[in-house]
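To start, the structure under review is shown below, and the notes come after it.
The values are calculated or read from the model by the stated rules, or taken from the named source; none is laboratory data. Remember, it's a predicted structure, so these values are computed and weren't measured experimentally. Using ideal geometry, Cβ is built from the backbone for each residue, glycine included, and neighbour counts are taken over all protein chains shown. In case anyone asks, the SASA skips ligands and DNA or RNA and just uses the protein heavy atoms, side chains included. Shrake-Rupley method; radii C 1.70, N 1.55, O 1.52, S 1.80 Å.
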Amino acid sequence: MLGYLLRRLTILLATLLAASLVVFVVLQALPGDPAALILGTGAREDTLAALRHQLGLDAPLWWRYATWIGGLSVGDLGTSFTYHVPVAELVRQRVLVSLPLAAFAIALSTLIAIPVGVAAAARRGGAVDTGVMGVAQIGVALPNFWLGLLLILLFAIRLPWLPASGFPGWDAGAWAGFRALILPAVALALPQAAILARVTRAAVIDTLGEDFVRTARAKGLTRRAALWRHAVPNALIPVVTLIGLQFSFLLAGTVIIENVFTLPGLGRLVFQAIAQRDLIVVQDLVVLLAGSVIIVNFIVDLVAAWIDPRLRRVGA
Amino acid sequence: MRLRSRSLVVGAVISATMVSVAGVSLAWTPYPPTAIDIVHKLAAPSPTHPFGTDHLGRDVLSMIMAGASSSLSVALIAVVVGAGLGVPLGAFAAARGGWIDDLTMRGCDLAFAFPALLTAVMITALAGPGAGNAMLAIGIFNIPVFARITRSAARQVWGRDFVLAARTAGRGDIGITVVHVLPNIAPVLVVQITIQFALAIVADAGLSYVGLGTQPPFPSWGRMLNDAQTFIWRAPLLAVFPGVAITLAVLGLNLLGDGLQDVLDPRLRRGR
């Protein structure tokens, strides 16, 4: 396991570095001069040049990349062009909205999908299975931002139970903050849960056909015990892997969902930063988001290798 | 099998309807989709306006129809870009193997680390909003998807005896890829195309919802949802129709994909 861990860590670092390079290059290649945007169209060329110098935009590319990465590695994300505060501070405030939202959505989706998927697999072809898979088929097709609108319509307008948008901040109390996250989390979670339930069902059905499940039944275990003790644990690897992959979709989903519910999270920050050509913020955020996807998938692979020692041998 | 062929039929019918609606909208819609009629704004559904009118008095049915054409064409081009570059890349990696294969697959891994929609937002916002950039941004994220699936399916074909026979008969890599590999992996690709088409429709709707996709005055489903949100207290139905259109389009394609998968590739039928 140690050798496997070291090999994977090397790949992880190389991937993170490559990702940062891609983000940097793409952002430089795209049109749009931050200095011109900040000063407006009537700015004189010498003021533009002065601002570019102040923002460090006139330094050679390799130098800008090197100082950026050097800063990142010690937690210095640079200073925002438009907010004039350290990017790390901006991120710290927004993470307190986005991270609970993402965690809430993942927890919700997993708690719904696994029992439902297992139940459908246990009674394959039955009424529960047909019903659940029908609903899941529609759930997969629902765009989360439209689901968000429908939830606002139902639970904020028709039934005035929950706030339609906005976030009061955690200072307003844990419950007030949590209430504001319920609808966005459900909007994010349900389409993910539909996909996860389908995969769980397929994985459990696959393992139910394995010899060890037949052996378990033959030695006298009940159907229920064979299902929960032998089939489900063995079906978990594709499910855990998918939860890791869904994390990436979820992060992207928050960009739109935070716009639907006007939540002051990372998604909205990245959006505003793009609109204002606040390149350093965009650069940091995209790398942070991509980095967290890479790290989450790394952890998922480790968990899978821990569950199933056979996976440790795989070279690729 | 019976259940699956039913999803094939339902999916094909929904998808064909969407395509026809999009096609018809190019020639005819009940009203011009961009015609503003402030006097009749936010009208409820009625015989003259079956889906009602929006905040500028535009006919919602006409906008939904026109939205189908913009949504489907963005998705189509995005998938063509993705498959057009991804399939040759994956086939090349599979044919060559070795470090070229490794490099291609590591590149795909890297691309998957970027949340697709987030990066599409970044590209369209910085390169300029509009349908063209939306097509490209979504298309770029289809490239690694197609490269990876083509490569893994093609690798299996490369291990088969008939490929060895073709090799012995003197065919080169390109010849074998075109004559033997691609026809054998076509079913997998067709299924993936329907899946990516559905995802592209959602991505396009998301981009136009945040104002980065198809630009007004040309209607798009995402934009309509965004407008509807502003008037959600007064005209809640406006937020329903475009969403139903997106969901139906995606549902139809997903069902079509599921059905095709079972009909084209019976080996995958087990367990699903």
Point to revise | In the stretch A:102-134, the residues that are open to solvent by less than 50 Å² (accessible area, probe 1.4 Å), touching a helix residue (DSSP H, G or I) at 6+ places or on another chain (Cβ under 8 Å), within 12 Å of chain B (Cβ to nearest Cβ) and of a type outside the set (A, V, I, L, M, F, W, C) | key: A:ASP129
Practice item. May I ask you to verify whether B:SER20 is at negative phi, assigned to a helix (DSSP H, G or I), surrounded by fewer than 15 Cβ atoms within 10 Å (Cβ to Cβ) and out of contact with any Pro (no Cβ under 7 Å at 6 or more places or on another chain)? Key: yes
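Only one of A:LEU288, A:LEU251, A:LEU269 is assigned by TED's automatic domain parsing to the domain that holds A:LEU183, surrounded by 22 or more Cβ atoms within 10 Å (Cβ to Cβ) and at pLDDT 85 or above; which?
A:LEU269
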Exercise for review: Mind counting the residues in the stretch B:106-120 that are within 17 Å of B:GLY82 (Cβ to Cβ) and either more than 8 Å from every other protein chain (Cβ to nearest Cβ) or of a type in the set (A, V, I, L, M, F, W, C) (or both)?
Suggested key: 9
Exercise for review: Among the residues of the stretch B:213-234, write down those that are in a loop (DSSP other than H, G, I, E, B), open to solvent by less than 20 Å² (accessible area, probe 1.4 Å) and either within 11 Å of chain A (Cβ to nearest Cβ) or in contact with a strand residue (DSSP E or B) (Cβ under 8 Å, 6 or more places away or on another chain) (or both).
Suggested key: B:ILE232
Review point. Does the stretch A:224-233 include one or more residues that are closer than 12 Å to A:ALA121 by Cβ and open to solvent by 60 Å² or more (accessible area, probe 1.4 Å)?
Key: yes
Exercise for review: Scan B:GLY90, B:GLY67 and give me the residue that is assigned to a helix (DSSP H, G or I), small (Gly, Ala, Ser), within 27 Å of A:ILE11 (Cα to Cα) and open to solvent by less than 10 Å² (accessible area, probe 1.4 Å).
Suggested key: B:GLY90
Exercise for review: Please verify whether the stretch B:178-200 includes one or more residues that are in contact (Cβ under 8 Å) with a residue 40 or more places away in the chain, open to solvent by 10 Å² or more (accessible area, probe 1.4 Å) and outside any helix (DSSP H, G or I).
Suggested key: no
Study note, to complete from the structure: (1) open to solvent by 50 Å² or more (accessible area, probe 1.4 Å); (2) assigned to a loop (DSSP other than H, G, I, E, B); (3) away from every other protein chain (no Cβ under 13 Å) all hold for A:THR262 apart from (3)
Check your understanding: Scanning the stretch A:135-151 for residues that are small (Gly, Ala, Ser) and more than 7 Å from chain B (Cβ to nearest Cβ), which turns out farthest from the chain's Cα centre (by Cα)?
Key -> A:ALA136
